[in-house]
Amino acid sequence: MSKEAIVIGAGVAGLAASIRLALQGFSVRVFEKNSYPGGKLSDFHQDGYHFDAGPSLFTQPGNIEDLFELAGVKIEDYFHYEQVPIACHYFFANGKKVKAWADPNRFSEEMKQELGEDPQTIARYLKQSKRLYNAVGSLFLKHSLHRPTDFKLSEVVHALGTVRPAYLFQSLHRFNKQQFKTEEATQLFNRYATYNGSNPYKAPAMLSLIPHLEMNEGTFYPKGGMISITKALHQLAIDCGVTFHFNCPVVKILTEGRKTTGVQTAENTYTASLIVSNQDVYFTYKHLLQQEARAQKVLKQERSSSALIFYWGINHSFQELGLHNIFFSSDYQSEFRDIFQGGKLYKDPTVYINITSKMEPGLAPEGKENWFVMVNVPANKGQDWERLKLEAKKSVLKRISQALGTEIDPLIETEAILDPITIESKTMSYMGSLYGTSSNSKLAAFFRHPNFSKQYSNLYFVGGSVHPGGGIPLCLRSAAIMSDIVAKSA
Ligand code: FAD
């Protein structure tokens, strides 16, 4: 029987899916509506500055290493990365500052000196985070939650033994507040809910496993910027024999009974024995399968937050800033209430700045910096984004100028802006959500769409809108889980 697979979308999950299927012996075609691979993981140049357009934080490089190992090639021939000594530079609204050193002991010491937090509390928290990740997180990242037969009983028993009721029934914020004596430490550890676009005041304390990834395992920097991940995976896919069709949106998935038979693009029809959609699962149902009722069912789960991004070429170099920087708002709870309940932009939002020229000065003109400035905003529900962008820019400039003691506006040499509407139009992510659905409910993990279709036996799903969720590591895991299911059903 012919083994032909079609992957719809060349996002990071689509690229990984194409590599894994090619290595299983499928002849793979990838259809991508854009002229470039990577989806959100893309880049652009403007006036001598290089900007990564989307993701900036790189954790768990093992997910990428796995693909090269599986293909039997040396990763060094495609991709180079290094561990970053300081995960993040934190600036609190009250003027306090903390460097999150990659070395946990040094970080604990810094938290004691700068905030008065007990180093033993930090060490205990990070140990708990590791235990939780190893027992529950890794289980959830390895398997489809919708195929209980894939789980080993011993792993499940171990996971259940680790999950204390507090992890499910307390919010991350409440849990953190009980752990730390300072408000700053609570805010710092609350921030991890935003790693999958969730609200720390609603999301379960289970998300306290996320700091393990950054603080115990470390954060990394890919040489050449985040775009190097896309370039490496695209090249590996080509070397594995995958064929790419760019500027080629799929408009329909063709079906016959309980099977898919191929896809239709604007110009052609292509047949395949297996189809993987890397498109947001909502749009896959709505447009490609034309099943409005199923599309609406996906929407029962709350969408993750979105973002406003200002890409600024800055005619100055700031010694106090690093690769990742956070300027916290003074009232985090109100900020999240406005984003998730109010559907609006908070008046004085937390600001994240990523500066890759700190790692590679050549990514900006000499003596200057390429700032990726992001604030969390609600997913698009028809808000007036033109007005909100102006308001956000004003408050962002005020906050950073105050914290750095320098007027930033006159230093901006060049600017580009990304908003929820452009995030949706560039990558077909419904409402411009960064991470598909949020994890604000304790059962969110179980309600996320599976990596396979219950309706069509040869249709699969990968990417941020399906299990295990958004963010590069999880998207890469979605491709691995899909590939395992395909291999088992062969
Ligand atoms: P996408 O990247 O959305 O790719 C889907 C692809 O499918 C796109 O290329 C799209 O054009 C294509 N497509 C859609 N429909 C069709 C069709 N009908 N036919 C053909 N092609 C189609 N994650 C992190 O890990 N760290 C971060 O720091 C981080 N920061 C982020 C910041 C921003 C501003 C954004 C936007 C995201 C961020 N994320 C981060 C999230 C991360 O980028 C995503 O979770 C991940 O890249 C999603 O990958 P994906 O493969 O699911 O989908």
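Things worth noting here:
- Look at (1) over 23 Å from residue 141 (Cα atoms); (2) away from the ligand (no atom under 16 Å from the Cβ) and you find that residue 23 fails only one, number (1).
- Every pair of residues 6+ apart whose Cβ atoms lie under 8 Å, when the first sits in the stretch 25-42 and is more than 29 Å from residue 490 (Cβ to Cβ) while the second is aliphatic (A, V, I, L, M) and more than 10 Å from the ligand (Cβ to nearest atom): 38/227; 41/227; 42/227
- Residues satisfying the stated conditions in the stretch 330-349, i.e. surrounded by fewer than 22 Cβ atoms within 10 Å (Cβ to Cβ) and outside any helix (DSSP H, G or I): 330, 331, 342, 343, 344, 347, 348
- Failed condition for residue 266, given (1) crowded, with 18+ Cβ neighbours inside 10 Å; (2) at pLDDT below 95; (3) more than 26 Å from residue 481 (Cα to Cα): (1)
- Within the stretch 26-36, considering residues that are within 16 Å of the ligand (Cβ to nearest atom) and touching a strand residue (DSSP E or B) at 6+ places or on another chain (Cβ under 7 Å), the one nearest to residue 314 (Cα to Cα): 32
- Residue check, residue 362 surrounded by fewer than 23 Cβ atoms within 10 Å (Cβ to Cβ), modelled with pLDDT under 95 and farther than 15 Å from residue 418 by Cα: no
- Sole exception among (1) touching a Cys at 6+ places or on another chain (Cβ under 9 Å); (2) among the basic types (Lys, Arg); (3) under 16 Å from residue 13 (Cα atoms) for residue 99, by number: (3)
- Any hit, the stretch 42-62, residues being over 19 Å from residue 468 (Cβ atoms), touching a Pro at 6+ places or on another chain (Cβ under 8 Å) and within 13 Å of the ligand (Cβ to nearest atom): no
- Condition broken by residue 69, with the remaining ones in (1) more than 16 Å from the ligand (Cβ to nearest atom); (2) touching a residue at least 60 places away in the same chain (Cβ under 8 Å) satisfied: (2)
- Within the stretch 13-61, the set of residues being surrounded by fewer than 20 Cβ atoms within 10 Å (Cβ to Cβ) and assigned to a helix (DSSP H, G or I) comprises just one member, 23.
- Qualifying residue in the stretch 372-381 (condition: more than 16 Å from the ligand (Cβ to nearest atom) and not hydroxyl-bearing (Ser, Thr, Tyr)): yes
- Looking at 297, 259, just one residue is under 30 Å from residue 345 (Cα atoms) and away from the ligand (no atom under 14 Å from the Cβ), and that residue is 297.
- Selection from the stretch 427-469 of residues that are near the ligand (Cβ under 10 Å from one of its atoms) and more than 22 Å from residue 31 (Cβ to Cβ): 432, 433, 434, 435, 469
- Strands (runs of 3 or more DSSP E) contained in the stretch 67-134 and holding at least 3 residues closer than 30 Å to residue 239 by Cβ: 81-83
- Restricting 158, 173 to residues that are touching a residue at least 12 places away in the same chain (Cβ under 8 Å) and open to solvent by 80 Å² or more (accessible area, probe 1.4 Å) narrows the list to 158.
- Some residue of the stretch 199-212 being β-branched (Val, Ile, Thr) and surrounded by fewer than 21 Cβ atoms within 10 Å (Cβ to Cβ): no
The values are calculated or read from the model by the stated rules, or taken from the named source; none is laboratory data. All figures in this text were calculated on a predicted structure; none of them were measured in a lab. With ideal geometry, Cβ positions are generated from the backbone for all residues, glycine too; neighbour counts draw on all protein chains shown. Accessible surface areas use protein heavy atoms only, side chains included; no ligands, DNA or RNA. Shrake-Rupley method; radii C 1.70, N 1.55, O 1.52, S 1.80 Å.
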